[in-house]
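To start, the structure under review is shown below, and the notes come after it.
The numbers here are math on the coordinates, done by the rules we state, and not lab data. These numbers come from a predicted model, not from an experiment. Heads up, the Cβs are rebuilt from the backbone with ideal geometry, glycines too, and the neighbour counts pull from every protein chain shown.
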Amino acid sequence: MSYAKLFKEIKNKHFPELKEYKISFKQKRQKVFMNSNIFSIKDFLKQKELSPITYNKEILKSTPKKAVEAAIAHELCHKLQGLDSNPLKHIYIWVSCKLTLQSKVKLEREANIMTVRRGFAEGMVQLRKSCEKRLKKDWDKKWSKLHLLEKEIKKHSSKK
Ligand SMILES: [Zn+2]
């Protein structure tokens, strides 16, 4: 199955709130695995076509399917975070994420909890493992903070 098709399936099946929003899933030369660009103008103005979710093709190809699905769901949860914010809150989140890692951690963990509650617990465990393996030193320095621990994933998957 193509990744664009997988993306569409996850969006349609698990994110009915996003039904009216067009979002494309595109390859981009970027360091990070996936990016949802929720601070773009399109997302800020909540246009019918939101900015695309972009991915790094090499990382995508070497990531297990369940983990890819969880990563897609995570990015779609970011879109919901953006849509749920009024303009002031949206700007506030953007600025605070630029200023402190703590704010970024908060935004990421919130998106991760949403992802788990939407039924992607197993994929989130796999995603955590594959990111840890890929990022090595940077994992401990920065990225591990943005992920949920396995026991946290279990905790949140039991209460929907
Ligand atoms: Zn994220």
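Results, tabulated for the structure shown:
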item: Computed E for LYS133/LEU45 - FRET, C-beta separation, R0 45 angstrom, nearest 0.05; result: 0.70
item: Ascending count of other beta-carbon atoms within 10 Å, so fewest first, for MET124, MET34, MET1; result: MET1, MET34, MET124
item: For the chain: Kirkwood Rh in Å [reciprocal of mean 1/r, alpha carbons]; result: 16.0 Å
item: Diffusion constant of the stretch 87-127 at 20 °C, which comes from Stokes-Einstein with the Kirkwood Cα-pair radius and 1.002 mPa s, µm²/s; result: 190 µm²/s
item: Mean separation of Cα contacts under 8 Å, 6 or more apart, over the residue count of the stretch 3-158: relative contact order %; result: 22 percent
item: Kyte-Doolittle mean at least 0.0 and Cα axial length at least 24 Å: DSSP H helices in the chain; result: 65-83
item: Listed residues HIS90, ILE23, HIS74: farthest to the positive end of the dipole of the chain (Cβ charges); result: HIS74
item: Per DSSP, loop trypsin sites (Lys or Arg not before Pro) in the stretch 33-94 with at most 16 further Cβ within 10 Å; result: LYS46, LYS48
item: Dipole magnitude of the stretch 3-158 about its Cα centre (Cβ charges: Lys, Arg +1; Asp, Glu -1), debye to nearest 20; result: 420 debye
item: Under 10 Å, Cβ to Cβ, from LEU135 - net charge with Lys/Arg +1 and Asp/Glu -1; result: +3
item: Label-to-label distance, nm, for residues given as SER103 and GLU150 (7 Å Cα→Cβ offset); result: 3.5 nm
